[in-house]
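J.: Can you keep this structure in mind? I'll have questions shortly.
The values are calculated or read from the model by the stated rules, or taken from the named source; none is laboratory data. Note that the structure is a prediction, hence the values are computed from the model and not measured. Neighbour counts run over all protein chains shown; Cβ positions are idealised from the backbone, glycine included. Note: accessible area is taken over every heavy atom of the protein model, side chains too, but ligands, DNA and RNA are not part of it. Shrake-Rupley method; radii C 1.70, N 1.55, O 1.52, S 1.80 Å.
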Amino acid sequence: MAPERATVRATTKSGHVSMPIAIVTAGMGMDPHTRPATAGPASLAALSSSAFPMFDDMIWGLIVSVVISGEFSGFNSGLANGFGSMIVAHILITLMVVVLAASLVEMATAFPFSSGCAAYTFAAFGGAAATIIGYLYTIEFITMTAQTLMSLGQTLTQAFELPHELEPIWWALAVAFCAAANLHPRLVAKFNAWMTLLSCMLLCAVLVVEAPSVRFQQAFTTAINSTDASSTNATQLTEPSSLSTAFLPFQGAGIVRSIPSVLYLYIGFESLTVFAEETRHIPHSIPRGTTASMFTLVVLATATLLITSAAAPGIAVIAGSALPHTTSLLAILNLGPTSIRLLGLVVLPPIVISLITTIFSSSRYIYALSRGGFLPTNLSLTNRYGGPFVATIVSSFLSFGLCFVINYGGLQFQTFFMDLSILSALLAYTFDMLVFVRLRSVMPGLPRPVTSPFGVAGAVFVMLVSALAVASLVALDRTFALIFVVLIGFFVLLVPYYVFFIRKNLTASPEKEFVKRQMHAKRQEELRAIRYDRWTGFGESVEPQPLAHLRLANVSPYGTLWNQRRSGS
């Protein structure tokens with residue numbers, strides 16, 4: 001029988017917070033076989049079954065599952081800006097995402113923590129900036145979860161021809177199921193991998209059926225309307241005044257307005273940073289899993305954009321459809337009424353798996369921020385399986401409540417929160433790359449198991465693209481301008497909140513201890529001295545102490561300890 005799991009708590013003025021001790025105690029003279037088990041999320045790698053002997057497959061499933069629902073809906077609304085505009089925006093965003101993923105992998109393997117980009121920001125700019133980026137990512141994933149939850153409710157309501165008033169019941173059932181699954185990391189890991197594979201196969205099957213009906217010449221026929229400059233969605237227009245066959249019918253403005261729709265094909269991939277802490281072979285699993293997932297997403301996103309946009313019944317109909325693949329299949333296949341209703345359920349697996357993983361990601365951010373003292377410390381409590389159950393329940397409840405605000409607040413609320421996740425992501429991408437450049441400057445000696453092949457130049461490219469996208473969207477769209485003002489005001493208020501409330505409650509989290517040790521090691525290297533023997537006068541070089549970073553043992557903060565406790569060693 002496995003020994004009872006012990007809990008380590010960091011005491012603060014406001015209470016206690018459960019936290020893993022693998023990083024904190026590393027190099028402190030404690031025998032690893034006598035350390036208590038961690039109280040953080042259980043290592044998914046240590047729990048993988050024989051069906052997936054390598055954790056790289058799990059990382060692939062976790063990253064792809066966050067994004068996969070965007071391949072089924074959401075991207076198509078930008079087609080009203082012109083097929084050419086979508087193609088150009090897709091190329092630009094794809095390049096940005098690939099470079100950004102490589103940079104995030106470098107930071108994730110160097111700072112393997114559930115707080116993800118908040119941990120990198122803490123090392124680069126301190127606690128106030130870490131508070132901003134941590135809250136920003138939490139907002140992004142909670143709004144993404146709410147949107148996915150609403151899509152699930154709409155899909156089930158349409159499939160079974162039920163009144164829209166019953167959608168909250170679907171929301172409640174779905175969020176309860178997904179939150180319960182997230183309480184058991186082992187279940188999430190296994191279920192996630194298989195459901196992601198099924199979702200990819202479903203998408204490929206749909207694209208194969210749509211491919212024979214593709215007509216690219218018709219796809220480049222765009223309706224030119226008297227557009228409202230405040231709208232990025234050209235489908236919210238009246239009857240067309242003319243038709244255009246130009247590649248870029250709205251020129252540069254069409255490309256900018258297409259960016260939010262293209263981002264639906266990739267948004268959420270940045271959650272790869274929160275998986276590092278629950279990975280066993282960090283230097284191998286994170287880069288391999290990320291590479292495989294990015295290859296999968298780029299191929300599926302490109303195929304979806306090119307095939308579905310040009311497939312029957314035409315780009316104008318596809319652009320205005322809530323479920324573009326279902327609309328296309330209905331125009332191609334001759335089906336009965338029952339089959340038509342059930343055809344909408346083809347998007348159910350990707351929506352469910354995206355919902356599970358977005359809750360997983362948002363709960364890890366809340367858990368890690370709470371563990372560090374940036375949020376109330378009770379939010380970082382974990383259950384017997386290592387799952388942060390309080391953070392999971394809170395993130396699920398916030399997303400569920402947000403669904404009511406979006407659904408019953410009218411079109412303006414729907415547009416506001418849909419665009420909020422897009423703008424939050426773009427701002428986070430910009431700041432992430434600023435952190436990347438800063439870390440390269442202030443911590444050049446930081447052990448980096450993986451380095452980005454694009455380096456600082458790639459980070460600057462991502463900063464320019466994302467910053468220009470934010471500036472252009474804010475200039476062209478009133479909703480984005482309002483969201484930008486709200487976010488800036490929120491960030492300004494966060495600074496005094498951090499100074500007067502958060503800073504005094506910061507705990508000795510693994511992230512904080514790790515940064516202290518790395519900075520201490522850096523100072524040792526800079527101040528390397530010669531120790532002289534007082535009798536002979538001869539000296540010897542003093543080597544810096546080993547960095548207290550678990551990547552030297554090629555394990556995660558949890559994997560080794562979890563295995564030792566399970567084996568009774």
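J.: Using heavy-atom solvent-accessible surface (probe 1.4 Å) with all chains present, what is the largest-first order of His281, His90?
T.: Highest to lowest solvent-accessible surface, that is His281, His90.
J.: Please list Arg288, Arg341, Arg364 from largest to smallest accessible area, probe radius 1.4 Å, with all protein chains kept in place.
T.: Arg288, Arg341, Arg364
J.: On to the next question. Over what distance in Å are the Cα centres of segment 83-115 and segment 495-515 separated?
T.: Computed from Cα coordinates, the inter-centre distance equals 29 Å.
J.: What whole-number distance in Å separates the alpha-carbon centres of segment 344-421 and segment 429-452?
T.: Segment 344-421 and segment 429-452 have Cα centres spaced 28 Å from each other.
J.: Can you pull the percent of segment 243-369's accessible area that's carbon plus sulfur, 1.4 Å probe, other chains left in place? Before the final figure, lay out the partial values.
T.: Numbers: 2530 of 3700 Å².
Accessible surface attributable to carbon and sulfur in segment 243-369 totals 68 percent.
J.: OK, next. So, for segment 317-404, what is the accessible surface per residue at a probe of 1.4 Å, expressed in square angstrom?
T.: On the way: 2870 Å² over 88 residues.
Each residue of segment 317-404 exposes 33 Å² on average to a 1.4 Å probe.
J.: From the phi angles alone, apply the Karplus equation (6.51, -1.76, 1.60; θ = phi - 60°) to segment 362-371 and give each ³J(HN,Hα) in whole Hz, x where the residue is Gly or Pro.
T.: Each residue of segment 362-371 in turn: 5, 5, 5, 5, 4, 4, 5, 5, 5, 4 Hz.
J.: Could you run the Karplus curve 6.51 cos²θ - 1.76 cosθ + 1.60 with θ = phi - 60° over segment 277-287 and give me ³J(HN,Hα) per residue in whole Hz, x for Gly and Pro?
T.: Running phi through 6.51 cos²θ - 1.76 cosθ + 1.60 with θ = phi - 60° gives 5, 9, 10, 7, 9, 4, x, 9, 5, 5, x Hz.
J.: Report, by chain and number, residues whose modeled amide H sits under 5 Å from the one on Ile224, excluding near sequence neighbours (fewer than 5 apart, same chain).
T.: Ser241, Ser242, Leu243, Ser244
J.: Still on this structure, please answer the following. Fully extended, how many nm does the chain gain between Val492 and Tyr408 (0.36 nm per residue separation, minus their Cα-Cα distance)?
T.: In short, 27.3 nm is gained.
J.: Give the calculated FRET efficiency between Leu348 and Arg523 to the nearest 0.05, with a Förster radius of 56 Å applied to their Cβ-Cβ distance.
T.: The computed FRET efficiency comes out at 0.55.
J.: Additional query: Can you give the direction-averaged projected area of the convex hull of the alpha-carbon atoms in segment 302-389, in nm²?
T.: Taking a quarter of the hull surface, the average projection is 9.2 nm².
J.: Hey, another quick one. Considering only protein heavy atoms, with the full assembly of protein chains and a 1.4 angstrom probe, order His325, His164 by accessible area, largest first. Display every interim value, and only then the final one.
T.: Details: His325 0, His164 110 Å².
Listed by decreasing accessible area, they come as His164, His325.
J.: Return the distance in nm (one decimal) between the two label points of a simple spin-label model at Ala246 and Lys504, each offset 7 Å from Cα along Cα→Cβ.
T.: Here the modelled spin labels are 6.1 nm apart.
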